[in-house]
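Working notes for the structure below.
The values are calculated or read from the model by the stated rules, or taken from the named source; none is laboratory data. What you are looking at is a predicted structure, and each value in this text was computed from that prediction instead of being measured. Methodologically, a virtual Cβ is constructed for each residue, glycine included, from the backbone with ideal geometry; neighbour enumeration extends over all protein chains shown. Surface areas here come from the heavy atoms of the whole protein model, side chains and all, with no ligands, DNA or RNA. Shrake-Rupley method; radii C 1.70, N 1.55, O 1.52, S 1.80 Å.
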Amino acid sequence: MPLEELLRETHQKWIQSLEEQKQLQARLERLEKDFHTIFDSVPAMIWYRDRQGTILRANRCAAESVGLSVEELVGKNYYELFPDGAQKALEKDMQVIVSGQPLYKQLRKYVTADNRVRWVLADRIPYWDENGEVAGVIVFAQDITEQKAAEDELHLANRRIEQANRQLRAAAERARILAEEAAAANRAKSEFLAHMSHELRTPMNAILGFAEILQEENLSEEQRQYVQTIQRSASNLLTLINEILDFSKIEAGRLHIEMVPCSCADVVREVAELMEHTARSKGLEFQVECSPEVPGVVYTDPMRLRQCLLNLVGNAVKFTEKGRVLVRVYPETAAGQKRIRFDVQDTGIGIEPEKQALIFESFTQADSSICRKYGGTGLGLAITRRLMGLLGGHIELASQPGKGSTFSLILPCFVEPMQNTAADPSVPAPVPQEDDRHIGCIGRILLLDSDPPNPIHASLLLRRAGLDVCVVQTLREALAELKQNPCNLVLIALQKVQEARKAAAKLRNFDEQLPIVVITSDASRKTAEQFKIAGSNAVLVEPVSRSQLYETLRSFLSVQAAASVSGETSSPESESPEDLYEVLPSLMEQVRECYARSDYETLAEHTGRLVELGRRFHRPVLAEKAARLQKSLAGGSIQPDELQKQVEELSDLCLQITLGR
Ligand code: ADP
């Protein structure tokens, strides 16, 4: 090839190579630029350092994290620049350099140039040179300060929750212990009350009884006044004792409510008979209006209804100076439910609106002058309100100061076909009122009483009634007497309940037909039941009035006569209430369980059984409430709140029934 051509070709190649070199250079520059862009925009710190710790590279994030520029970092010794924690960093770096293995997720804390504490999570990767030697480490570190703060906070919150839980558990345990203590205290209170009832009623019995006897003696006018004052004060004291006992019993859930068929008109008549005289002697008009539409027989507890009405009528008379007191009884329907309303209307002092709710609280009167002027304890309405609740009803009040008040008792109207309720021997059959000083029977009574003055009082009453009385003080004497001289009735008035029960059982054993009447100061239903089981025919609670005693004796003496003619003995045994008390708690437990696991089908079955029990044992409130729940379940569209309310109401009622046994 001629030289000239060779030169031209070489020149061309040189030019071409130059061109390629330029392109390569440009690509290299572009790559380097890309690398720096990426290197600096990665949101993590990246450090290259050699085996001695000299910083070869650091990205912008790393520089910013320590508060310096990249230029200020590169070429400096990392360990000298950041002496805080340098030793640890060096150890870790050396571990990677020596092993050639990376180290991931190392948590590290450091302090920035402007003194801020930061936390990082670092990965260390060996940095290999072209000879395959580890020349240093590349560190990728992510700032997790915020994340760590959140985690720490979470941790702290968890610790606080744990602590709160511990405190809660301790509080629950304390509450349990307190509840147990309260229950024990309540039991002690009830026992104390039962005891006090005994202690207080016994002397009251003697005071009232002797005052009654004294009244019939030849007294001067002055002496008569004294005796009347004794009678009035004793009867006030007795009312107070009874109110306090009733209130305590209700509070302890131990008041027994017995729903039996009865006539509202009769209850109102009895109350009117008791109050009319007092009202008229104050110059007040006294009226009773009983609508003929009130059902002849309803199921309620007549004794408690009478107590509520008596309280309202008593207040109406007490707080009215002129005008009238009107008692109205009529049926009404509200929310599809039939009810009976008893309005007690007066034209008395009335009650300020802001006091109207307060007077239903215990020991509360409308103002402080009331007690001075009218007397009273402020317990009557509190008892009435609670009693009405137990009867399934409520009390309402409308009043205008200076004009008068209307208190209303609203009672659910439970009407059921008359059933053959077995006569409760502790409640003697009512006998038409005669002159109560003449019992109208003859007979021999064996009076067993060890504690004066009762034998004197009771024997005096019995003798005045023309009965032949033999007083003995021990069971042994009683048995000896019965063996020698048969008696028509035994009256046990022993103070100790245990002793009296034992005596009743032994005497019943001795003679199956002999009527046994017990006088006791323990008014509890349980004690009455125990006497019944022991074999007594009737239980009278102290203080026993003469008419009450005579009525009972008459009833038994005549029963005895009738039995001897017809050859029959006592009425057939009915189902015992004990059967109800046995089944009720477990059945209610099942109801609650079914409700809790939303098993409405079985719930309806159990509710049906409650309806049946209510009907069988003459508990119409139970039957009615259970039937309502059953109907709601059958309808299928009951709201959850309403369902819960009905189950709770039923549960409370069952508890009340079993507690009141
Ligand atoms: P007490 O009559 O023993 O004070 P109650 O609980 O029966 O207790 O009544 C509470 C209070 O309610 C009474 O003290 C009185 O202030 C007020 N009160 C009750 N009935 C009437 C009424 N018919 N007229 C005016 N105030 C009444």
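Peptides 55-68, 585-598, 542-555, 8-21 ranked from most to least packed by the mean count of surrounding Cβ atoms within 10 Å: 542-555, 55-68, 585-598, 8-21. If you fit an axis through the alpha-carbon atoms of helix 454-464 and take the longest principal axis of the Cα set of the chain, what angle between them do you get, 0 to 90°, nearest 10? On a 0 to 90 degree scale, this one is about 40. Shown in residue order for the range 507-514 are the 3J(HN,Hα) couplings computed by the Karplus curve 6.51 cos²θ - 1.76 cosθ + 1.60 at θ = phi - 60°: 5, 5, 5, 5, 9, 5, 8, 5 Hz (x for Gly and Pro).
What part of the accessible area of the chain, given as a whole %, is carbon or sulfur when the probe is 1.4 angstrom?
Its accessible area is 53 percent carbon and sulfur atoms.
Report, please, the projected area of the chain averaged over directions, based on the convex hull of its C-alpha atoms, in nm². Present the calculation step by step, with values, prior to reporting the outcome.
Values: hull surface 239.2 nm².
Value for the chain: 59.8 nm².
With contacts taken as Cα pairs under 8 Å and at least 6 residues apart, the chain reaches a relative contact order of 9 percent. Per residue, the accessible area of the range 14-151 comes to 65 Å², computed with a 1.4 Å probe over protein heavy atoms only. Residues whose amide H comes within less than 5 Å of that of GLY443, counting only those at least five positions distant or on another chain, are ASP468 (H built at 1.01 Å from N in the peptide plane). The range 349-364 and the range 487-507 have Cα centres lying 47 Å from one another.
Along the range 315-321 the Karplus relation, 6.51 cos²θ - 1.76 cosθ + 1.60 evaluated at θ = phi - 60°, assigns HN-Hα couplings of 5, 4, 5, 5, 9, 10, 8 Hz to successive residues, with x for each Gly and Pro. Computed 3J(HN,Hα) for the range 530-543, one whole-Hz value per residue from the Karplus formula 6.51 cos²θ - 1.76 cosθ + 1.60 where θ = phi - 60°, is 5, 4, 5, 4, 5, x, 7, 8, 8, 10, 10, 9, 5, x, glycine and proline marked x. Centre-to-centre, using Cα atoms only, the range 290-327 and the range 521-537 are separated by 30 Å.
Can you say what percent of the DSSP beta bridges in the chain, counting only those with both residues inside, are antiparallel? Round to 5. Please list the in-between numbers first.
Values: 53 of 75 bridges.
In the chain, DSSP labels about 70 percent of beta bridges as antiparallel.
Backbone amide hydrogens, once placed in the peptide plane, bring LYS338 within less than 5 Å of CYS413, excluding anything fewer than 5 places away on its chain. Under 5 Å from the amide H of CYS290 lie the amide H atoms of VAL329, each residue being 5 or more positions distant or on a separate chain, with H modelled from the backbone and absent for Pro and chain starts. Basic side chains Lys and Arg get +1 at the Cβ, acidic Asp and Glu get -1 at the Cβ, and with that the dipole of the chain about its Cα centre reaches some 1280 debye. Measuring with a 1.4 angstrom probe and ignoring ligands and nucleic acids, THR602 comes out at about 40 Å² accessible.
For the range 263-394, the square roots of the Cα gyration tensor eigenvalues, ordered a ≥ b ≥ c, give a/c of at least 1.5 with a/b no greater than b/c, which places it in the oblate category.
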